[in-house]
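Scroll down for the structure; my scribbles are underneath it.
The values are calculated or read from the model by the stated rules, or taken from the named source; none is laboratory data. Since this is a predicted model, take the numbers as computed values, not measurements. Methodologically, a virtual Cβ is constructed for each residue, glycine included, from the backbone with ideal geometry; neighbour enumeration extends over all protein chains shown.
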Amino acid sequence: MTAVERSGTGARGPSRDYGCYRCDRDVAPSRLFRIDVSPPESLSERYADSIRYCCADCAAGMNLSAFSERWNAHARRERR
């Protein structure tokens, strides 16, 4: 895994122009998933908002496809 550095805005982003924060593979920016995480209000003083980028394989490994309506619709059509 690569370290994620803070940008000037306080948000976190990739430490270079492209790549997956989980597997460290080089991936074109147009192929990266952007993951925005915000803590609940009760934890916002302890934890900061974070933005990270990951490849499709790592997104699938985290089961992020469950959040994609287009992906779910495509899967339903293929099962028929």
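Scanning region 6-27 for residues that are modelled with pLDDT under 90 and hydrophobic (A, V, I, L, M, F, W, C) yields one hit, ALA11. Of all the listed residues (ALA3, ALA66), the sole one being at pLDDT below 60 and either under 11 Å from the mean Cα position of the chain (by Cα) or surrounded by fewer than 14 Cβ atoms within 10 Å (Cβ to Cβ) (or both) is ALA3. So is ALA28 of a type in the set (A, V, I, L, M, F, W, C) and exposed (fewer than 11 other Cβ atoms within 10 Å of the Cβ) or not? Spelling it out, ALA28 is indeed of a type in the set (A, V, I, L, M, F, W, C) and exposed (fewer than 11 other Cβ atoms within 10 Å of the Cβ).
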